[in-house]
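Below: the structure, in C-alpha cells.
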Amino acid sequence: MIRTDPRQPRRYRAGWLLATTLSLAGCEGRQSALAPAGAGAERIAELFWWMTVGSLLIWALVIGLALYVTRAHPEAHGVRSARWLIIGGGVVFPTTVLTALLIYGLMLIPELRATGDIDRRIEVAGEQWWWRVRYPQENGEAVELANEIRLPLGERILFRLSSPDVIHSFWIPSLAGKVDMIPGRITELVVEPTRTGTFRGACAEYCGASHALMNFQVVVMEPDAYRDWLAHQATLARAPTAEQARRGQQAFLANGCGACHTVRGTPADGRLGPDLTHVGSRLGLGADALPNDREALIRWIGHTGEVKPDVRMPAFGMLPVDELAALAAYLSELE
Ligand code: CUA
C-alpha cells in the first residue's frame, strides 16, 4: 500500500498512484522477466524474489532499529546494548543475509551457463537495427529468416550469437537471461521454453540511433506446429498471383531491392538486408517497429528513415503511390 501525505495536492497523489500502477503492470505480460516462460527465466525470477525478500528483511530491521532508538527508547543506551544494536543489527544481520543471497546467486550460474544436452541450434546476428536468424538444417544448409524467432516447446535450444557491426545484446526477458553480441566473437545462450505463447525480445545494449527500435517477437509452438512452420519457411517464395502483386514484383526487381534483400526462388539475392522470402508471414515489420500490413509496408518503404532513424535502407518515397501499393501487395503475398 502506498501512503501519501494528505497535504499533498490531489494531482501529485494521483501521479504517484498512476506511476506505481504502471510500473507494476510492467511486471506482467510478454516482455517480463517476472512472468517467466522458460527454464532460465524461472531461475532468474526466483533469484529476484529471494533478493526482494532479503532486502525487505534488511530494510525492516534497520527501520525497526531506528524507530526503537528514536521512539521506543530515546534515552541514552548503555555501551553493551548500543554495541549489540550496531554490530548485531548494522553489521552481522545484513552481512549474513547478503552473503546468503550472494551464494545463492553464484550457485545459479553453472545451471544458467550450461550449454550441454542441446536439442537444436539457432544462430542470431544482431545488425544495425535488425536480427538475422538462421536455422541450421540436418542437411547442413540453413534457413535464413529475420526479426522473428520461433521455438519448439520443451526443447533445449542453443543460441549462437554474433554481430557484424557493434555490440548488441540479445534478451527475451520471459524466456532467459541476457547475453551480449560482440563483433568477432560467438557468445552462447541456452533457452528452454516451458509454455507456448508469443513473447517479445529486445536489444538490451545501446547500439545507435535506432537501438530502441530493434525488437523481435518470439513464438513458442508445439513441436509439430514448429516443424510444419520451419518446413514452410524453408520453401521458395510463391509466385505472385494477383495482378497488383505481379506489378509489385516487377517494381521490386526494377528498383534494385534485390541488391540488399533475398527472395528465394527469384533473382533477388542480396545479403545486406533481411531475407524477405516469407516476410508476409511475420508478426511485425522493421524489427517489430510497425505492424505487418499493407499500410505499414507502404509507410516503411516510402518513409524508412522517419520510422527508423539512421537506417541503412534508403526511403523510396519518390515512387508513385500506386507503385508503393503494388510493392506492398507483393510483399504481403510472400507468406
Ligand atoms: Cu542493437 Cu541496441
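The values are calculated or read from the model by the stated rules, or taken from the named source; none is laboratory data. Just so you know, these numbers come straight off a predicted model, no measurement behind them. All Cβ positions, glycine included, derive from the backbone under ideal geometry; neighbour counts span all protein chains shown. The area values use the complete protein model at the heavy-atom level, side chains included, leaving out ligands, DNA and RNA. Shrake-Rupley method; radii C 1.70, N 1.55, O 1.52, S 1.80 Å.
Helix content alone sets the calculated 222 nm mean residue ellipticity of the chain: runs of n ≥ 4 DSSP H residues at -39500 (n - 2.57) each, divided across all residues, give -11500 deg cm²/dmol.
In order along the stretch 186-201, the phi-based Karplus estimate (6.51 cos²θ - 1.76 cosθ + 1.60, θ = phi - 60°) of 3J(HN,Hα) comes to 10, 10, 10, 8, 9, 10, 10, x, 10, 8, 7, x, 10, 10, 10, x Hz; Gly and Pro are listed as x.
Scoring 144-155, 51-62 by mean Cβ neighbours within 10 Å over their residues and listing the highest first yields 144-155, 51-62. Solvent-accessible surface (1.4 Å probe) assigned to L236 amounts to roughly 110 Å². For the chain, the longest principal axis of the alpha carbon atoms and the long axis of helix 243-254 meet at an angle near 80°.
Largest accessible area first, the residues R132, R43 order themselves as R43, R132 under a 1.4 Å probe with ligands, DNA and RNA left out.
Normalised radius of gyration (Cα atoms, divided by 2.2 N^0.38 Å) for the chain: 1.31.
Hey, any idea what % of the chain's accessible area is carbon plus sulfur with a 1.4 Å probe? The nonpolar share, carbon plus sulfur, comes to 60 percent.
Distant-in-sequence amide contacts of M214, defined by a placed amide H-H separation under 5 Å and a gap of 5 or more residues or a different chain, comprise C203.
What the stretch 26-113 shows is 69 Å² of accessible area per residue, with the surface traced by a 1.4 Å probe over protein heavy atoms.
Note on the stretch 120-223: Kirkwood radius taken over Cα pairs, Stokes-Einstein applied at 25 °C and 0.890 mPa s, translational D equal to 180 µm² s⁻¹.
In this view, the solvent-accessible surface of L230, computed with a 1.4 Å probe and all protein chains in place, comes to about 20 Å². With θ taken as phi - 60° and the Karplus curve 6.51 cos²θ - 1.76 cosθ + 1.60 applied, the whole-hertz 3J(HN,Hα) list for the stretch 318-325 is 7, 6, x, 4, 5, 6, 4, 5 Hz, x standing for glycine and proline. Which shape class applies to the stretch 192-335: rounded if a/c is under 1.5, otherwise prolate when a/b exceeds b/c and oblate if not, where a ≥ b ≥ c are the square roots of the Cα gyration tensor eigenvalues? Because a/c hits 1.5 or more and a/b fails to exceed b/c, the stretch 192-335 counts as oblate.
Between rounded, prolate and oblate, where does the stretch 67-136 land on the alpha carbon gyration tensor, with a ≥ b ≥ c its root eigenvalues, rounded for a/c under 1.5, else prolate if a/b exceeds b/c? Since a/c reaches 1.5 and a/b is larger than b/c, the shape of the stretch 67-136 is classed as prolate. A Förster radius of 45 Å combined with the Cβ-Cβ distance from D310 to V91 puts the calculated FRET efficiency at roughly 0.30. Short to long, the 5 Å bins of the Cα pair-distance histogram for the stretch 253-320 hold 4, 16, 25, 29, 22, 4, 0 percent of all pairs. Couplings 3J(HN,Hα) for the stretch 207-217, derived from phi with the Karplus relation 6.51 cos²θ - 1.76 cosθ + 1.60 (θ = phi - 60°), are 9, x, 4, 9, 3, 6, 10, 10, 10, 7, 9 Hz, where x marks Gly and Pro.
Each DSSP beta bridge with both residues in the chain is either parallel or antiparallel, and the antiparallel ones are about 70%.
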